[in-house]
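Below: the structure, in structure tokens.
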Amino acid sequence: MERLIYDDSDRGIFRVHRSSMTSPDVLKLENERLFARSWLYVAHESEIAEPGAFRRRTVAGRPMFAVRDLQGQIHVFFNTCPHRGAMICRQDAGTARSFQCFYHAWTFDTAGAIAGIPDRDSYPPGMDWKNLGLRSPAYVESYRGLIFINLAQQCESLADYLSPVRTLIDLTMDSADVLGGWEVLAGSSQYRFKANWKLMIENSIDNYHFDTVHETYKQYIGNDNKRLGGMRKDLKEERIGFAHPKGHGGFSMWPSRTARALALAAETWSAAECAEIDAVRTKLFERFGEERGLVMAEQSRSILIFPNLLFQDSGTGFRVRQIEPVDAELTEVRQWELAPRDESLLLRRRRLEGARAFLGPGGFASPDDVEAVESCQMGFRAGGVEWSDISRGTRSAVPKDTDEHQIRNFWREWQAQLDTPQATFALGAAS
Amino acid sequence: MSAAVISEPLSVRVATFLAREAWLLDNWRLDDWLELIDDDIRYVVPATDCPTGDADNSVVFINDDITMLRARVTRLKSRHAHREYPASRTRRFLTNVLADQQDDGSVHVTASFQVYRFRNRETAVYVGYYEMTLVPDGTSFRITRRKATLDQEALDEHGAVSIIL
């Protein structure tokens, strides 16, 4: 396949061929060369906190489920019976002491090993029961509570994969330590839109569109400043785009001009809310020092964990957003909000209010992002234009959040992955 | 005239009211629709995977008080509400309406809904049920609580809840 990015560093011109976002052949290659060997998000450990707790998930289009076994170990299984194929886990969430396939009642313990086979005597004596347990991807690893899988036969560790952005991830993950650590809240945003998945990756790390697309959201937070605190207009906010190796990148804003759910109150918040925020800030400063504590309290970061997980520690809360292709022109978004376990209800309300208003599917911004990416996809059908231009800021000394630096970084890594032939695909080791 | 109207059975008065507010929404008469909303409104659309979630402590798609709902209407009337500009066509079907008069004079209503949304030659249907509390307002009502619970497992064909349900 021809290269689908045009990267002319001499002239500072960067383009992406639109067939990369319309062609089923490209999606096939992405499945073989990108999703089959990148670290992919499954769940957060708080979602399977108790022994026997499980969550059913789709990862790279595959039905899977994550379980904490009765000994406390985390597993991720392909959701298919090793016997004849039926799905083992048929509920989204719950707690189990074992998993029984409803088709022929093969039963597996929470670590995936066979626990019971009806009428086992009818099988020949040479049956290899050990290899008929539930199957897992070759690699299942966690970093700071985030559970990932890798379907490749061989890969670097999750910690190495994340190394270019680990300090940024740690900043967010550490910050809730003063309130009992992060947990995923009940309820998630799950929706599909009719556009290529990479359009939403671009959108999620693109701050160039914020002023143009999100006028109604800006009006809301500006005019009704009781809600999100209006703007600290006097402050000069440093907004930068960053691009790291392995395709990870995003943008940050500091110090935030709007309230932040964890530890930055708006002037207009109630005395009780401000007092609670002050208490959280004091704890952050005591525990992490004034400098790092202040960054935790007042810096917003939106990070793409390549290829398809957004890690957003924003003013409106902390969330992970997974963006997966269903087909070349249909994408599924799954978005979970996290909050500190011991956060007060008062601040929890503010957090959720902010998250809903901006990035919820019923909010004042996300619907217009969906409109924008669907509009691009429809525009691609017009033809007449082969390449999309992504050259903004190629000459910036310090990349701004509104430059397209971090988007180019994604595409370069994407192209590098697609250029590299895939080794034999690993089905995953027996448990 | 008003005496005749008030003597209608409660179920008829409620059904008439719901038909009228649906008509206003379908015709994008959003300011007129707001006239039917009480200042103490709580308008909730739960997340599709957590239909009984507590709006203060879990993710819901919409949890509007009057300020947010007015802001929503202001947004939807703006040409910057890109998902609804140009506005979609919608048609609401409400059935299985049950109305229960409460001791305090309010009326608790449940109803099934289908809301069709058409735009860019695509169709999306929101299917679910309403739980509403109406308070008497002359011969009519005002809505003081409106919860639209979707039956769909995810927003697979919708992409968003960009209209008022």
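The values are calculated or read from the model by the stated rules, or taken from the named source; none is laboratory data. Computed from a predicted structure; not experimentally measured. For neighbour counting, all protein chains shown are included, and Cβ atoms are generated from backbone atoms with ideal geometry for every residue, glycine included. Just so you know, the surface numbers come from the protein's heavy atoms only, side chains and all, with ligands and any DNA or RNA stripped out. Shrake-Rupley method; radii C 1.70, N 1.55, O 1.52, S 1.80 Å.
Observations on the structure shown:
- Accessible surface of the stretch A:164-419 [probe 1.4 Å, protein heavy atoms]: carbon and sulfur percent: 50 percent
- Shielding of B:35-48 by partner chains, average beta-carbon count, 10 Å: 2
- Interface burial in the stretch A:179-199, defined as at least 30 Å² less accessible area with all protein chains than with the chain alone at a 1.4 Å probe, covers A:Ala186, A:Gly187, A:Ser188, A:Gln190, A:Tyr191, A:Arg192, A:Lys194.
- Segments B:125-131, A:341-347, A:294-300 sorted - mean Cβ within 10 Å per residue, highest first: A:294-300, B:125-131, A:341-347
- Integer Hz, Karplus 6.51/-1.76/1.60 couplings in order for the stretch B:50-64, x for Gly and Pro: 8, x, 9, x, 6, 4, 7, 9, 8, 6, 10, 6, 9, 8, 8
- Distance (nanometres) between label positions extended 7 Å along Cα→Cβ at A:Glu386 and B:Asn27: 5.3 nm
- Derived value for the stretch A:40-150: Kirkwood hydrodynamic radius 14.2 Å. Basis is the mean of 1/r over every pair of different alpha-carbon atoms.
- Within the stretch A:332-364: backbone nitrogen closer than 17 Å to the A:Ala272 label point (7 Å, Cα to C-beta): A:343-353
- Local electrostatic count at A:Arg392 - Lys and Arg +1, Asp and Glu -1, tallied over other residues with Cβ under 15 Å: -3
- Each residue of the stretch A:193-206 was assigned a 3J(HN,Hα) from its phi angle through the Karplus curve 6.51 cos²θ - 1.76 cosθ + 1.60 (θ = phi - 60°); the sequence is 9, 9, 7, 5, 4, 6, 5, 7, 4, 4, 4, 6, 10, 10 Hz, with glycine and proline shown as x.
- Along its three principal directions, the equivalent ellipsoid of chain B from the Cα gyration tensor extends over semi-axes of 26, 18, 16 Å, largest first.
- Distant-in-sequence amide H partners of B:Ile41 (H built 1.01 Å from N, under 5 Å): B:Ile66
- Under-5 Å amide H pairs with A:Phe251, H placed in peptide plane, nonlocal only: A:Phe242, A:Ser302
- Legend: residue pairs A:Lys28/A:Lys400; A:Lys198/A:Lys218; A:Lys236/B:Lys77; A:Lys194/B:Lys77; A:Lys233/A:Lys283, Cα-Cα distance threshold 29 Å; pairs beyond threshold, A:Lys28/A:Lys400; A:Lys236/B:Lys77.
- Alpha carbon centroid spacing (whole Å) that separates the stretch A:23-43 from the stretch B:1-72: 44 Å
- Above 32 Å, the calculated P(r) of chain A contains 41 percent of its Cα-Cα pairs.
- Residue-averaged beta-carbon neighbours from other chains (10 angstrom radius) around B:124-133: 0
- Within the protein assembly as shown, helix-based [θ] at 222 nm, where runs of 4 or more DSSP H residues each add -39,500 (n - 2.57), nearest 500: -8000 deg cm²/dmol
- For the pair the stretch A:395-421 / the stretch A:247-315, the C-alpha centres are spaced 26 Å from each other.
- Close amide H pairs (under 5 Å, H built 1.01 Å from N) link A:Arg57 with A:Met64, A:Phe65, A:Ala66, residues at least 5 positions away or on another chain.
- Cβ-defined net charge surrounding B:Tyr126, 15 Å radius [Lys, Arg +1; Asp, Glu -1]: +2
- Three semi-axes describe the equivalent ellipsoid of the stretch B:1-82; taken as square roots of 5 times the Cα gyration tensor eigenvalues and ordered largest first, they are 28, 19, 12 Å.
- By average C-beta atoms within 10 angstrom, highest first, the peptides A:378-391, B:60-73: B:60-73, A:378-391
- With a Förster radius of 25 Å applied to the C-beta separation of A:Leu346 and A:Leu235, the computed FRET efficiency comes to 0.50.
- 3J(HN,Hα) along the stretch B:124-135: 10, 10, 8, 10, x, 9, 9, 10, 10, 10, 10, 10 Hz, from the Karplus curve 6.51 cos²θ - 1.76 cosθ + 1.60 with θ = phi - 60°, whole Hz, x for Gly and Pro.
- Within 10 Å of each Cβ in A:327-334, the average number of Cβ atoms from other chains: 1
- Remark on the stretch A:350-364: accessible area falls by at least 30 square angstrom from chain-alone to full-complex state for A:Leu352, A:Arg356, A:Pro361, A:Gly362, A:Phe364, probe 1.4 angstrom.
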